[in-house]
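For reference, the structure is listed below as structure tokens.
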Amino acid sequence: MKYKSLAILVAVVILVGAVWFFKNPAQAPAPGSSTSPTPTRTASPSVSPTNSPSVPRITITSPKANEQVDMPITVKGYARGVFENQLTVRVKDATGKVIYETPAMTDSSGGDWVGNYSVKFSLPAGTSQKITIEALEFSAKDGTPINVVKAPVTIKNISTVNRYVALQTSDDCTTVKLFPRPTLYTKEVIFSALSELLRGGTTDEEKAAGAFNSVPKGGAINSIRQTGDTVYVDFNFIVESGGGSCSMSGRRAQIDATVKQFLGVNNVVVSIDGRTKDIFQP
């Protein structure tokens with residue numbers, strides 16, 4: 001009797017299993033197929049890079065069109081598939097004249113993938129209150145601007161103050177002197193003074209005083225921070241481009257003196273795109 005009950009129980013279990021199998025055929029692997037789970041792709045967050053052709057080639061996400069801005073201006077956006085991850089950010093005044101231009105690098109992984117970019121700058125005194133910020137590429141074929149996006153904005157405060165820049169005054173490579181430059185008002189005084197230095201060249205008054213500027217035009221400040229009496233400044237690659245050993249020594253002397261003019265600053269640590277070693281080499 002005991003064995004008969006056990007046999008009945010086994011038969012019931014088999015019957016229930018068979019019914020479940022036929023009601024759920026998708027759960028059973030097909031003959032000859034692997035029982036390993038199929039890999040799935042996790043959907044990327046909306047802020048992650050993409051190479052979708054529906055994404056614009058270049059964008060400006062900040063500042064927005066028709067916003068009011070203070071000095072310095074930070075321009076942010078993203079670009080897809082730009083050549084060597086590089087684009088150009090420039091500013092035009094109310095007459096359409098280009099008054100500022102700098103390269104910008106995206107953090108794209110390459111190819112047609114999207115990458116973010118960010119540049120920060122101050123504009124010279126005398127700039128019109130209405131300006132247009134542009135982000136664009138230059139055609140590899142003929143150098144014409146392509147994929148241009150624009151953001152017309154208004155500068156809140158166009159009052160001017162004098163900032164001082166260190167310029168060379170001797171052929172000994174490192175003798176410098178501070179000269180006043182009118183600049184648009186900003187609370188970021190070190191950034192403002194260095195921005196004037198990075199405009200390159202000299203004014204007529206500075207030339208008459210025998211001054212010259214070894215810092216090439218078009219350089220940009222990636223970041224500035226101060227810890228105690230030390231200021232850390234990171235520039236883009238243009239600041240160390242071209243020039244011989246005397247020019248490189250002069251640039252470093254100009255940067256140091258321009259920053260050290262401010263109260264409480266005794267040391268300046270300079271880097272180029274994050275590098276502190278082997279910079280300013282001829």
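The values are calculated or read from the model by the stated rules, or taken from the named source; none is laboratory data. These figures come from a predicted structure and were not determined experimentally. Here the Cβ positions follow ideal geometry from the backbone for every residue, glycine too, while neighbour counts run over all protein chains shown.
For (1) within 26 Å of the chain's Cα centre (by Cα); (2) under 22 Å from F212 (Cβ atoms); (3) surrounded by 13 or more Cβ atoms within 10 Å (Cβ to Cβ), each residue gets a yes or a no:
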residue: V239; (1), (2), (3): yes, yes, yes
residue: C246; (1), (2), (3): no, yes, yes
residue: G250; (1), (2), (3): no, yes, yes
residue: F262; (1), (2), (3): no, no, yes
residue: N267; (1), (2), (3): yes, no, yes
residue: D273; (1), (2), (3): yes, no, yes
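Under the condition of being among the polar types (S, T, N, Q) and free of Cβ contacts under 8 Å to residues at least 60 places away in the same chain, which residue from segment 248-282 is farthest from K177 (Cα to Cα)?
As a first pass, look at segment 248-282 and keep what is among the polar types (S, T, N, Q): 249, 254, 258, 261, 266-267, 271, 276, 281.
From what is left, the residues that are free of Cβ contacts under 8 Å to residues at least 60 places away in the same chain are 266-267, 271, 276, 281.
Numbers: N266: 17, N267: 18, S271: 23, T276: 25, Q281: 23 Å.
For segment 248-282, the residue satisfying everything is T276.
I'd like the full set of residues that are among the hydroxyl-bearing types (S, T, Y) and either farther than 15 Å from S122 by Cβ or loosely packed, with under 14 Cβ neighbours inside 10 Å (or both), limited to segment 171-217. Can you show your working first?
Let us first name the residues in segment 171-217 that are among the hydroxyl-bearing types (S, T, Y), namely 174-175, 183, 185-186, 192, 195, 202-203, 214.
T174, T175, T202, T203, S214, listed by residue number.
Residues of segment 178-199 being assigned to a helix (DSSP H, G or I) and closer than 20 Å to V98 by Cβ, which ones?
We begin by selecting, within segment 178-199, every residue assigned to a helix (DSSP H, G or I); these are 189-197.
Within segment 178-199, S195, E196, L197 qualify.
Scan segment 141-163 and give yes if some residue there is closer than 30 Å to K260 by Cβ, aliphatic (A, V, I, L, M), in contact with a Ser or Thr (Cβ under 6 Å, 6 or more places away or on another chain) and part of a strand (DSSP E or B), otherwise no.
no
May I ask you to list the residues in segment 184-211 that are of a type in the set (D, E) and within 14 Å of P72 (Cβ to Cβ)? It would help to see each step written out before you state the result.
Going through segment 184-211, the residues of a type in the set (D, E) turn out to be 188, 196, 204-206.
Within segment 184-211, E188, E196 meet the criteria.
Could you please let me know if A166 is assigned to a strand (DSSP E or B), in contact (Cβ under 8 Å) with a residue 40 or more places away in the chain, assigned by TED's automatic domain parsing to the domain that holds S214 and in contact with a strand residue (DSSP E or B) (Cβ under 7 Å, 6 or more places away or on another chain)?
Details: assigned to a strand (DSSP E or B): yes; in contact (Cβ under 8 Å) with a residue 40 or more places away in the chain: yes; assigned by TED's automatic domain parsing to the domain that holds S214: yes; in contact with a strand residue (DSSP E or B) (Cβ under 7 Å, 6 or more places away or on another chain): yes.
In short, yes.
Consider Q27 against the criteria (1) at pLDDT 70 or above; (2) loosely packed, with under 13 Cβ neighbours inside 10 Å: it satisfies all of them except one. Which criterion is unmet?
(1)
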